[in-house]
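Report on the structure given below.
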Amino acid sequence: MDLPATDALTIVIVEHDKDRALSIVDSLRETGPHKIHVLAEESGLSRSVSQLKPDVVLIDVANPSRDSIEQLANASSPLERPVAFFVDRSDAQMTKAAIEAGVSAYVVDGLQMDRIKPVMDAAIARFQMFQRMRTELETTKRALEERKVIDRAKGLLMKVRGISEEEAYALLRKTAMDQGKRVADVAASLVTAADLLS
Amino acid sequence: MSGQQIKAGYMPLIDAAPLIVAHELGFAEEEGIALELEAAPSWSTLRDLLAFGQIQAAHMLSPVPVASSLGLLAGLPRLDALMVTSANGNVFGVSKEMSERLEADGFAYPFHDAEKAGLAIASLPRPLRIGVPFDLSMHSELITLWLSNFGMVKGEDFHIMAVPPPMMARAIERRELDAFCVGEPWGSITVERAMGALILPGAAIWSCAPEKVLAAREDWIAENPTAVSALMRAVWRACVWLAVPGNKTMAAELLSSETYLGLGSEIIDRALSGRFIVNSNGDLRRFDGFMLFAGDGICFPWQSQGRWIAERLVKRFNLSADVRPEDAQKVFRSDLYREYLMPIGAEMPLSSAKVEGALDAPTEVPTVSGSMILGRNCFFNGEIFDPGQ
């Protein structure tokens, strides 16, 4: 409507984690003087989105509320406009990258690809970072869990066999090597067996 | 285990059971494939994962592949329905406030009578805000078909809004919705939380509506015949296993695990056995055929079903005359079903289309090798859909 072509887009970000939302906002600001709204509340989402009339809606792929936004996109002539982040049909590569990074974008108004590309590039980069952090966190958590199980298994061995902590660990390690398993797995089966027997 | 790895996605619903059973009970392994299951947070995400090749197969709403063929999923490759994995399984319910109004008018929750329930819903203040999980769904089609019979116009007398199933109860609690249509167990959960009451099972609107399908990308299907046939056989055998009454308890246990639905097996068992607590008074109702997995011609991807869905979508989205429903029906791959499942004894009807809505009672029909029973197939209003017409 207001046609002086600026780089400014109205962008809605659906994200309830405040820090994460701010960090996405920051990275998008670098791509142009966009008007950016952050929606944290998932209920009533489609109403808020239709009131703000954004050009682009960015949402985490894992957010179940995607289905509500999708309906908005469907409501107005679904044939003319891409449904989800299918900004440009030929750019399947970028769409794939977006999905892998965990971001999904809805283009609410028919926009030129070159106007959206920088925004999507920034969003994809930011989401990739979150994705990495999430994976790292999970790995750390798992390592912690495994450490706990190994400690319990060591404790059990020390008590039952009357051996030292070092000997207990050596025994676990040797069993693991003999059976071609991980120490954590051997420890876990020992703990399970002990729970069953007690 | 040596076969091809197939990643398959599903939504955590009871009717995801065929994929879960195919994996857990070893049907997939016996067919020589390794199924890797992945739960998706939303139907849009599941569709996108499939479309962009992150997964190869999915538990999908039956209208989605049809929509892909009609061009409603712009920019996405065509998705096909390899077989129907369940029929029915949805409930229609209302918020606490609406149920109190209905009760004041003497509504007794018959839970099988689409006529009585429809008149009751038509008596409520308008417009009604009705939640469904996804816009391209059997839920949307059945509600629209049902309510329009009572003079209610979509967009005027009722609005259909997409709300993710796990958020349905909360949306009702926050008074964002007056009614809902959702797959189990989410309807029962709304009743459990004393936020609403169940009015009608979807099966009372159409007694054998194709609800979920096994979907895959058309190009992947063409390039991987061995994997596709193994996958179809494994899932079909899971469907047959699920249809055995004695297996329901075990199925409920399997689904209830933290890996899949993470919900009490009792609430899952209600849908599998067709017993419901319909309101906060604890009224119990039975409904046979609430959710069907196999037998009665359920698994066969009938072209007439694809056609019915296609015509509904064409009308709903006001698609132009050059979009042909008779082409869209071909995404229901009865050709592959015949080719891959015939050798393991699945019943093959002579024709791949049937007249929908025309069977008052289970009826024997001829097949390639003898005969089979088709289940009752009725619309609540006596509508008959003949794809040949």
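Structure data summary
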{"read-out": "Violating pairs (Cα-Cα greater than 32 angstrom) within the set A:159/A:181; A:53/A:96; A:18/B:96; B:154/B:212", "value": "A:18/B:96"}
{"read-out": "Cubic angstrom per residue, convex hull over Cα atoms of chain B", "value": "129"}
{"read-out": "Two-site label geometry, residue B:4 and residue B:113: point separation in nm, points 7 Å out along Cα→Cβ", "value": "5.3"}
{"read-out": "Loop-exposed GluC sites (Glu not before Pro) per DSSP, neighbour cap 13 Cβ within 10 angstrom, longest uninterrupted part of chain A", "value": "A:81-198"}
{"read-out": "Degrees, to the nearest 10: A:92-101 long Cα axis against longest axis of chain A", "value": "50"}
{"read-out": "Sites residue A:30 and residue A:138 - FRET efficiency at Förster radius 25 Å, r taken between beta-carbons, to 0.05", "value": "0.30"}
{"read-out": "Values of log10 I(q)/I(0), in the order q = 0.26 Å⁻¹, for the range B:1-82 under a Debye, Cα-only, solvent-free model", "value": "-1.27"}
{"read-out": "Using alpha-carbon coordinates, inclination of helix A:183-197 to the longest axis of chain A, degrees", "value": "70"}
{"read-out": "Set of aspartates and glutamates near residue B:248 by C-alpha distance (under 16 Å), chain-local residues within fewer than 8 positions excluded", "value": "B:15, B:24, B:184, B:266, B:269, B:288"}
{"read-out": "Of the trypsin sites (Lys or Arg not before Pro) in the range A:139-188, those whose Cβ has at most 14 other Cβ within 10 Å and which sit in DSSP loop", "value": "A:181, A:182"}
{"read-out": "More than 17 angstrom apart: percent of Cα pairs within the range B:117-160", "value": "22"}
{"read-out": "GNM flexibility winner over chain A from A:101, A:153, A:125 (Cα, springs under 10 Å)", "value": "A:153"}
{"read-out": "Charge-dipole axis of the protein assembly as shown as Lys and Arg at +1 and Asp and Glu at -1 on Cβ define it, positive-most pick from A:197, B:187, B:243", "value": "A:197"}
{"read-out": "Share antiparallel - DSSP beta bridges, the protein assembly as shown, percent rounded to 5", "value": "60"}
{"read-out": "Global form of the range B:277-337, assessed from the alpha-carbon gyration tensor, a/c cut-off 1.5", "value": "oblate"}
{"read-out": "Largest-first ellipsoid semi-axes for the protein assembly as shown, taking √(5λ) over the Cα gyration tensor eigenvalues, angstrom", "value": "38, 33, 26"}
{"read-out": "Over the range B:142-278, volume per residue of the alpha carbon convex hull, in Å³", "value": "156"}
{"read-out": "The protein assembly as shown, dipole about Cα centre (Lys/Arg Cβ +1, Asp/Glu Cβ -1), debye to the nearest 20", "value": "680"}
{"read-out": "Distant alpha-carbon pairs in the range B:227-323 (separation over 22 angstrom), percent", "value": "52"}
{"read-out": "Highest-MSF residue in chain B out of B:352, B:86, B:371 [GNM, Cα springs under 10 Å]", "value": "B:371"}
{"read-out": "Sulfur and carbon atoms: percent of accessible area, the protein assembly as shown [1.4 Å]", "value": "51"}
{"read-out": "Sorted largest first, extent of the range B:27-163 alpha carbons per principal axis (Å)", "value": "57, 35, 23"}
{"read-out": "Cross-link reach list, aspartates and glutamates versus residue A:117, counting only Cα pairs under 18 Å and skipping chain neighbours closer than eight places", "value": "A:7, A:26, A:30, A:55, A:60, A:88, A:91, A:100, A:109"}
{"read-out": "Where labels lie 7 Å past Cα in the beta-carbon direction, separation of residue B:286 and residue B:320 in nm", "value": "5.5"}
{"read-out": "Local net charge near residue B:372, Cβ-Cβ under 9 Å (Lys/Arg +1, Asp/Glu -1)", "value": "-3"}
{"read-out": "Gaussian network model of chain B, Cα within-10 Å springs - most flexible of B:296, B:269, B:288", "value": "B:288"}
{"read-out": "Dipole magnitude (debye, nearest 20) for the range B:65-149, charges at Cβ of Lys, Arg, Asp, Glu", "value": "180"}
{"read-out": "Aspartates and glutamates whose Cα lies under 18 Å from that of residue B:354, excluding same-chain neighbours fewer than 8 positions away", "value": "B:211, B:296, B:311, B:326, B:327, B:335, B:364, B:383, B:386"}
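The values are calculated or read from the model by the stated rules, or taken from the named source; none is laboratory data. Here the structure is a predicted model, which is why all the values come from computation and not from measurement. Counting neighbours? That spans all protein chains shown, and the Cβs are built from the backbone with ideal geometry, glycine included. Ligands, DNA and RNA are excluded from the accessible area calculation, which covers all protein heavy atoms including side chains. Shrake-Rupley method; radii C 1.70, N 1.55, O 1.52, S 1.80 Å.
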